[in-house]
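Have a look at the structure below before the remarks.
The values are calculated or read from the model by the stated rules, or taken from the named source; none is laboratory data. This one's a predicted model, so the numbers in the text were calculated from it and none came from an experiment. All Cβ positions, even for glycine, are placed from backbone atoms using ideal geometry, and neighbour counts span all protein chains on display. When the accessible area is computed, the model is the full protein with side chains, heavy atoms only, and any ligands, DNA or RNA have been set aside. Shrake-Rupley method; radii C 1.70, N 1.55, O 1.52, S 1.80 Å.
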Amino acid sequence: MTIWLIAFMVAFLLPILNGSWRLGLIGLGLQTTLLAVIITSSSHELSLPLGLQLVDLVFVRGVLVPAILISVLRRVGISRDHDLLPTNFIYWAGLFILIGMGTWFGYLLYPEDYGRALQCGTAAAGLLSALFVLSLQAAGVGQIFAILLMENSIILFEFLNPHLHSLALQLAISVVFIFLILVFRTFLLQLSTLTSNEGTGEDKDLI
Amino acid sequence: MIFAICILITFLGILATSAAKSAKASLTVLSVVTFLNLVAVGFGIIHYWDENQNLYFWSNYFVSDATSRTFLILINLVMVGFTPYAINRVRTNQLAAKQFDLFVRMVLIFFLLCLVVLFSNNVILMWAALEGTTLAVVPLIYHQRGQASFRASWKYLIYSTVGLSLTFLGFIFLAQAMQQQAGEGAVTFFFNEISQLNLQRSIWSELGILFVVLGLCSKLGLAPLYSWLPETYDHAPPSITGLLAGVQFNCTVLMLFRFVPVLSRVEGGLLQTLLIAIGLVSILVAGINIVITKNYKKLIAYASINHAGIIAIGLGAGKSAYYGVILYVLSNALVKAILFFTSGNIKARYGTKDMSRLQGLIKDMPYSGLSFMIGIFALLGFAPFGSFIGELMILSRLMEAGNWLVFIALGFLIVMIFVATGRSVFPMIWGQPQLEPHQRSESILSLAPNLFFLMCLLSLGIYIPTMGNRVLLEVARVLGGP
C-alpha cells in the first residue's frame, strides 16, 4: 500500500509542479488509476458496486475525463504552458508546508497505524494542496484542475472506510461527475467563443 | 404517492418539451406541469395528510414526512409564481422566446431534482440530487449569453462544487466516526438509521460537523464562501434568481434541517457555535454591502445572505427558535420570489438596475411598485408578515438562553440593515418618475404571482390554519424544538 500512496502523491504533484496542462491531465489520469489499485489492494471482495467504482475510477476519471479535457483544450487553442502554481519560492514553500501539515494530520489521527496514517496524511495533504491551487487560480482551466485534484483527495479519504455505497448510489455519484465534466467542457468551449465586446454592458434580463 | 405523481408529471413535462417546437408549446407544457403538480399536492393535502406519519419507500431511499411535505408545498408555490411570470415575459418580449424550449426543459429537470432532494432519506442521494440541481441551473444562469452572466454562472459552478465537495468530505468523516464507534457494519447514510446510532463525540464526528456545516453554508451563500451569491443573483435572469432563492435555497435548508437533529445530538455546542458565528459574520458582510450597493437586484441578493444568516443563528439558538426559523424560511422564499420577479419587471421597463436613477416606481408601475414596496416591508421584517414573527421568536430564544452578546449583535445588525435598505429603496419607490420607460403598459399577469405570494405571506403572519400549524410544529419538533 505504501508504495501506491507514494506514487499517488507523486502523480498528485505532477500537475501542480509541472507547467504543462497535458502532463497535468496525464497526472490526473494516473492518480485515479492508482486510486483503483489502492481500493483493490484493500480487503474488498469483488462485487457489483466495487466493479462500478473501478470502472468509474479507471475509465471515467482515468481515461474519459483527461481525453475530454485534452480534446477541448486543443480545440480552444489554449497555450501548452499553464502554471497551476506561480513559479517562485514562496508558493512552492507554501505548498510543501501544506503537504507537511497534511501528513502530520494523518499521524495525529492514527498514531499507531502507519498505513492508515500515511493514507489519511496523503489525502489531507492532497486536499490542502488542491485548495491552495484553487485559491491562486483565476483562470478557468486552473480551477478545473484544482477541483479534480480535490475530488481525487476526497476519494482517497473515502477509502479509509471499507464501506461501499450501493450500486444505485455509486451510479448517481458517477453520473453527477460525468455531467460536471460535460458542463466544464461546455464552459471551456464557450470561453473561447465569447469575445470581449459581447455583453459587456448590463444583461438584458429577458426572462 | 404525491412524490411519485409529481416526479411522473415533471418527467412527462421534460419529455413533452423535447417535442415542443415553439415557445408557445413550451409555455403550455410548463403551465400544465405546474398546474398538475399543484393539483397533486392539493389532493395529497386533503386526502392523505397526517403530519405524524413518516412513510419510508423505495428501499428506504425516500421519506415522506412533515418536513418534506412542507417544503414540497413551498417549492410548488414558488413554481406557481414562476409560471405566470415566464408567460408574461415571453408575451411582452419576443426575444425572451428564443430557445425557450431549452429553458423550460432545464427548469423542469431542475425542479425534478429538487423533488428528489426534498424526499430523499439518504445522505448521498440527497447530495447527488443537490449537485444535479446545480448542474441543471448553470445553463439557465447563462441563458442570456452575456459576458457578465457567463462569469456569474462559472463562479456559481465553482463555489457550489467546492461547497458540495466539502459537504461530501463531511459525510466521509461522519462515516469514519460511525465505524470507530460501532464497527464496519454500522456505517450508514440513511438519515433515520444515523439518528438511531446515537453517535458519540470524537475527532471524526467533530470534523464531520465542521465540513457538513461549512459546505452547506457555502451553498446557502453564507460566509466565508458567499461571494458567488450576489454576482449570480444579479446576473442570472430574474426568473432563475427567483428559483435559486425560492427553490434551491430551500432544498439546501432542508438538507441542513435533516442534519441539525443528528449533529446536535453528537456535539451540540460545536454546531451551535459554528452556526451562530457563521450567521453573524454573514449578516455583517451583508449589512456592509447593503449600505454600499446602488443596484436593487444586488441589494436583494445581499438581503438573501442576511436572511440565510438569521436562519443559521435561529438553528444555532435551538429549541423555541426552531418554529421561528420555519416561519422565517417559508416567508423568505415567498418574499424573494416577489422581489426577484418584480425586479425583472422593473428592469424590463427601465433597462437599469441602478437605484439612484429610479424614482416614483409606485406612480409609474403601480402593480410592480406596490409589490416591490410590500415585498421590501416583508424583507425588512415588518409586522404582520411571517418574517416578523420568525425574527421575533429567534430573538426571544436568544434572550431566553442568555445569549446576550449574540442578541445585541443581531439586534444591532438588523437595525443597520433596516436603515440601509430603507435609505436606498424608499426613494426608488416614492418620488417623481425621472426615467422614460422602455415599455408602456403593465400586464395584470405581472401582478398575479405577487398577489398570491402576498396572501400567503400575510397568512403566515396573521393566521395559519390549524392543520398547517400542526405541521409546522411537527417540523420544529423533529428539529429538536418543544
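Expressed as a whole number of Å, what is the distance separating the alpha-carbon centroids of region B:94-168 and region B:217-253?
Result: 11 Å between the Cα centres.
Positive end of the charge dipole of chain B (Lys, Arg +1 and Asp, Glu -1 on Cβ, about the Cα centre): tell me which of B:144, B:247, B:291 has its Cα farthest that way.
Farthest along the dipole direction, towards plus: B:144.
Per DSSP H run of at least 4 residues, take -39500 (n - 2.57); add these up for chain B, divide by its residues and hand me the 222 nm value, nearest 500 deg cm²/dmol.
Numbers: 19 runs with 368 residues, N = 482.
About -26000 deg cm²/dmol.
State, in angstrom, two size descriptors of region B:305-355 derived from its alpha carbons: Rg to one decimal place and Dmax to the nearest whole number.
15.0, 46
For a quick check, take a GNM of chain A with Cα springs below 10 Å and name the residue from A:74, A:185, A:22 with the largest mean-square fluctuation.
Highest fluctuation of the listed residues: A:74.
To the nearest 10 degrees, how steep is helix A:140-158 against the longest Cα principal axis of chain A, on a 0 to 90 scale?
That works out to roughly 20 degrees.
What order do B:171, B:412 take when sorted by accessible area (1.4 Å probe), most exposed first?
Working: B:171 5, B:412 135 Å².
Correct descending sequence by accessible area is B:412, B:171.
Could you tell me the extents of chain B's C-alpha atoms along the three principal axes, largest first, rounded to whole Å?
Extents along the principal axes: 69, 54, 45 Å.
Any idea what the dipole of chain B comes to, in debye rounded to 20, about its Cα centre with Lys/Arg Cβ at +1 and Asp/Glu Cβ at -1? List each step's numbers first, then the result.
Values: 29 positive and 18 negative charges, 270 e Å.
Here chain B has a charge dipole of around 1300 debye.
Counting only heavy atoms of the protein chains, get the accessible area per residue of the protein assembly as shown (1.4 Å probe) and round it to a whole Å² value. Don't jump to the answer; show the numbers that get you there.
Working: 25220 Å² over 689 residues.
Per-residue accessible area for the protein assembly as shown comes out at 37 Å².
Would you mind telling me which residue in A:60, A:183, A:133 has the biggest mean-square fluctuation in a Gaussian network model of chain A, where springs connect alpha carbons within a distance under 10 angstrom?
A:183
For residue B:467, what accessible surface area do you get with a 1.4 Å probe? Give it in Å², rounded to 10.
So the heavy atoms of residue B:467 present about 80 Å² to solvent.
Please report the carbon-and-sulfur percent of the accessible area for the protein assembly as shown; probe 1.4 Å, protein heavy atoms only, DNA, RNA and ligands left out. Could the numbers behind the result be given before it?
Numbers: 16820 of 25220 Å².
Here it works out to 67 percent.
Could you sort out which of B:219/B:319; B:294/B:363; B:294/B:347; B:219/B:347 sit more than 18 Å apart by Cα distance in this structure? Mind showing how you got there, number by number?
On the way: B:219/B:319 24 Å; B:294/B:363 21 Å; B:294/B:347 14 Å; B:219/B:347 27 Å.
Distance filter (> 18 Å) returns B:219/B:319; B:294/B:363; B:219/B:347.
With a 1.4 Å probe and all protein chains kept in place, how much accessible area does residue B:98 have, in Å² rounded to the nearest 10?
Approximately 150 Å² for this residue.
Near the amide H of residue B:120, under 5 Å away, which other amide H atoms are found, from residues 5 or more places off or on another chain, if H is placed in the peptide plane?
B:63
Amide H to amide H, which residues 5 or more places from residue A:20 or on other chains are under 5 Å from it, using H placed in the peptide plane?
Sorted by chain and number, the residues that satisfy this are A:82.
Go through region B:271-284 residue by residue and turn each phi into a ³J(HN,Hα) via Karplus (6.51, -1.76, 1.60, θ = phi - 60°); whole Hz please, and just put x for glycine and proline.
Per-residue couplings from phi come out as 4, 4, 4, 4, 5, 5, 5, 4, x, 5, 4, 5, 5, 4 Hz.
Go through A:104, A:92, B:49, B:204 and list them by solvent-accessible area, largest first, probe radius 1.4 Å.
Numbers: A:104 160, A:92 90, B:49 45, B:204 0 Å².
Order by accessible area, largest first: A:104, A:92, B:49, B:204.
Using the Karplus curve 6.51 cos²θ - 1.76 cosθ + 1.60 with θ = phi - 60°, what ³J(HN,Hα) values do you get for each residue of region B:348-360, in whole Hz, with x for Gly and Pro?
Taking θ as phi minus 60°, the curve returns 5, 7, 9, x, 9, 10, 7, 5, 5, 8, 10, 8, x Hz for region B:348-360.
Please name whichever of B:414, B:270, B:324 sits farthest to the positive end of the charge dipole of the protein assembly as shown, dipole taken about the Cα centre and charges placed at Cβ: Lys and Arg +1, Asp and Glu -1.
Most positive-ward Cα: B:414.
So, taking all protein chains as they sit and a 1.4 Å probe, how much accessible area belongs to residue A:50, in Å² rounded to tens?
10
Just reorder B:112, B:405, B:379 by solvent-accessible area, largest first, 1.4 Å probe, all chains present. Numbers along the way, then the final one.
Numbers: B:112 30, B:405 150, B:379 10 Å².
The ordering from most to least exposed comes out as B:405, B:112, B:379.
Going by alpha carbons, how many degrees (0 to 90, nearest 10) lie between the helix axis of B:66-92 and the longest principal axis of chain B?
Tilt relative to chain B: about 20 degrees.
With charges set only on the Cβ (+1 for Lys and Arg, -1 for Asp and Glu), what does the dipole of region A:2-191 come to about its Cα centre, in debye to the nearest 20?
Working: 7 positive and 8 negative charges, 125 e Å.
That gives region A:2-191 a dipole magnitude of about 600 debye.
Give, rounded to the nearest 20 debye, the magnitude of the charge dipole that the protein assembly as shown has about its Cα centre when Lys and Arg contribute +1 at Cβ and Asp and Glu contribute -1 at Cβ. Present the calculation step by step, with values, prior to reporting the outcome.
Numbers: 37 positive and 30 negative charges, 355 e Å.
That gives the protein assembly as shown a dipole magnitude of about 1700 debye.
With point charges of +1 on the Cβ of Lys and Arg and -1 on the Cβ of Asp and Glu, referenced to the Cα centre of the protein assembly as shown, which listed residue (B:310, B:366, A:167) lies farthest in the positive direction of the dipole?
Projecting each Cα onto the dipole axis, the largest value belongs to B:366.
In degrees, nearest 10, range 0 to 90: what is the angle between the Cα axis of helix A:2-17 and the longest Cα principal axis of chain A?
So the inclination is approximately 20 degrees.
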